[in-house]
Structures are given as structure tokens and as C-alpha cells.
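Beneath this line is the structure, given in C-alpha cells, with notes to follow.
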Amino acid sequence: MLTKFSPSRFLGIAIAFLQRFQQRRIRTFSIMFAVGLSLTLAVSACSPSASNNFGTSQTTQTPAASATTVRIGYQKASTVLYALKARGELEKAFAASGSSVTWSEFPAGPPLLEALNAGSIDFGYTGESPPIFAQAGGIPLVYVAYDPWSPKAEAILVPKDSPIKSVAELKGKKVAFAKGSNANYLLVKALEKAGVQYSDIQRVSLTPADARAVFEGKKVDAWAIWDPYLAAAEAATGARTLADATGLAPNRGYYLAAKSFVDAKPDALKIVLDQVKKVSDWAKNNPSEVAKFLSPALGIDAPVLEIAEKRREYDVLPITDEVITKQQEVADTFYKIKLIPKEIKVKEIVWQGKVNNS
């Protein structure tokens, strides 16, 4: 007996069939996507890092190099790391363990620490102020060692024919400096000592190269700057020093690392610090050689650089309570004048490991 044909019933059967077919297609696609994603992640995990877009990379690799890749951020004016890169000693130190090193160049400390925050580098060096801003901004960094540098290696300059004779006379004047730099802190402390409010000057935040141009063009009245740019400006323009950092600011440098790197690769960190120490000792004992080495990179004559080298110190030292206290003073000063949005505790991000000073 034939069943009477019903268009609506046929339509229902067709829809059900299509739904079951579609479900199978979805399940099949899901399985294929999951497998593809797994393969992609596996390949990515075995590939060298491609996240470094900040500068030239140099690598030393072996078949096991993916085990550790140490990413260093440096500035040309940061003598020790720049020399360490040029000498290739760090690559040699890591080669035995099948690890590699990459290098990224930065124009100043703040962008270097931004790269650390972005996960692009593991280790770098800056002056005393950039890590204060970084900690206040939530960047997960750790102080691992410090460099004494020198209070004579930064100063507030005025043109040689300027009528300004004292820091107190900067009230109402235009002063150039790199915001968040060591020179920023020097300027704050010098004004404070002279009885001038930070808000009473016209602040012009510029990179060293841009500040040099406006200073020479007399578009600003003063310039707070550090060596070797300080020595270059003195030699080229005869600029006068209103005040250096003596008695005002420690003017220290800091070796900094990403917290994730310190936690995951403490042995690699120690290798880096050992090699940094060796180059630092070389720099301390050979100011003329350092000047000749830096001259082509910085575009500053070697005799001028030698002046800067002879008034600075080098070392790789552990972070002591005294160092933490001085760095906390920098942080408290910046919070007081609202350069950072909140109070911070420097000691909370100090590495507890040991720096080898042998």
C-alpha cells in the first residue's frame, strides 16, 4: 500500500538529513582545526623567536639552541653592553650549552623597558630613572645589579654666553631634558636645592640628539644631559655647567631583567652578569681604548669621548640596602611632583641572587 506523498513531510526529512550532515561537517572541521592548531603551535615552539623588531639580531645557534635564547637590549652609549655585543664573548659563553643570543638596539632607556614589558627582550641597562617609571607602570622587571657611573657624568648646561649664572635663575626659563632619564632627576633635585619649583620652569622633553639641536640654536635656555653627550656639547659649543650631580643625585646605572627571565633562567642570568663584569673591568682600565671603540658608533671624536670616560666609573655590583634607599628617594621625588601616578617600593623588585665580583 503506497503512502500518500506529503510535501511537508518530505521537506521535514530533507531538513533533518541536512542538519545531521552539517553536524558531521562541523565535527570534522573542528577535529582538523584542532590538529592544525596543535601542529602550528608545535612548529612555533621549535622556531627561533621572531618577535624582535627593535634592532639587528645576532645569533649563535646549535641543534639545541632553542633551549635558551637570551635577548639583550642595549644602547650605543651604554658602553659595556655595546662592547659585549661587538666582542661576541657572550655568544661564546652560551655556545657550550647550545643556547643563543639576540641583540636589540634602543635610543634610550624608556623604550628599552617598554620592549621588556612587551616580552621582546630579557635583559638591559638604563640609568636610575627609567626603572622607576617602569615599576610605576606595572612593567614586571627586576633590578639585578648596578653600575656606579659618576655624579660628574651628568650636568645642567647653559650656552657659554648665557646671562644665567645659577640654577635659581632657571625659573621661568626653557630647559631641555629627556623625560624619565637620569638628567630629569638631576634637574628636579638641582631646582629643589635652589628653591625653584619644578612647575616653575618651561619643561621641554627631547631626545639627546634633538635637545642638542635646540640647545645650539638657542631655542632653550638650558639643557640637562649626561655623558658622552655632555662632553660632546662642552667641546663643540663651550657650554658652561650650572651644576653637575655631585651632592644631588647618585647617577647610577642599573642592569635590569624581565621577572620571567630571572625566574625561569637564573643560570643564564648569571652567565650574562659574569660576561658583563669582564667587559666592565676592561672599560674601567682602558678609557682610551673605549673612546676609540665608541667613536665611530656615536659620531663623537675619540678625544672628546676620552674626557667622558675618565670621569665615569664602571663596575657590576650587587644591590645593597644603601643603593635601594637612594633609588627609593628617586621614586619618592617623582611621586611627589606627580611624574609617576602612585607610590612604589623599590625593594619589592630587587633580585635576591648573587653577583659574582671575583
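Side notes on the structure shown:
- Test: PRO303 is over 27 Å from VAL188 (Cα atoms) and open to solvent by 70 Å² or more (accessible area, probe 1.4 Å): yes
- Among the residues making up segment 326-339, a single one is closer than 12 Å to ALA136 by Cβ, outside any helix (DSSP H, G or I) and open to solvent by less than 80 Å² (accessible area, probe 1.4 Å): LEU339.
- Inter-residue pairs, beta-carbon under 7 Å, first over 30 Å from GLY180 (Cα atoms) and among the acidic types (Asp, Glu) and in segment 88-113, second open to solvent by less than 40 Å² (accessible area, probe 1.4 Å) and assigned to a helix (DSSP H, G or I), 6+ apart: GLU89/GLN275
- Residues in segment 140-153 include none that are more than 22 Å from VAL346 (Cβ to Cβ) and without any contact (Cβ under 8 Å) to a residue 40 or more places away in the chain.
- ILE319 over 23 Å from LYS193 (Cα atoms), within 21 Å of the chain's Cα centre (by Cα) and buried (at least 16 other Cβ atoms within 10 Å of the Cβ): yes
- Residue in segment 294-309 that is touching a Leu at 6+ places or on another chain (Cβ under 6 Å) and of a type outside the set (Gly, Ala, Ser) present: yes
- Within segment 340-358, considering residues that are of a type outside the set (Gly, Ala, Ser) and farther than 19 Å from PRO140 by Cα, the one most open to solvent (accessible area, probe 1.4 Å): LYS354
- Of all residues in segment 281-300 being open to solvent by 60 Å² or more (accessible area, probe 1.4 Å) and charged (D, E, K, R), the one that is nearest to TYR254 (Cα to Cα): LYS284
- Taken over segment 186-204, the criterion of being of a type in the set (Gly, Ala, Ser), within 27 Å of the chain's Cα centre (by Cα) and either open to solvent by 80 Å² or more (accessible area, probe 1.4 Å) or at pLDDT below 95 (or both) is satisfied by no residue.
- Search result, residues across segment 261-277 that are among the basic types (Lys, Arg) and surrounded by fewer than 16 Cβ atoms within 10 Å (Cβ to Cβ): LYS270
The values are calculated or read from the model by the stated rules, or taken from the named source; none is laboratory data. This is a predicted model, so every value here is computed, not measured. Neighbour counts are summed over all protein chains in view; Cβ atoms, including those assigned to glycine, are modelled from backbone coordinates with ideal geometry. Ligands, DNA and RNA are excluded from the accessible area calculation, which covers all protein heavy atoms including side chains. Shrake-Rupley method; radii C 1.70, N 1.55, O 1.52, S 1.80 Å.
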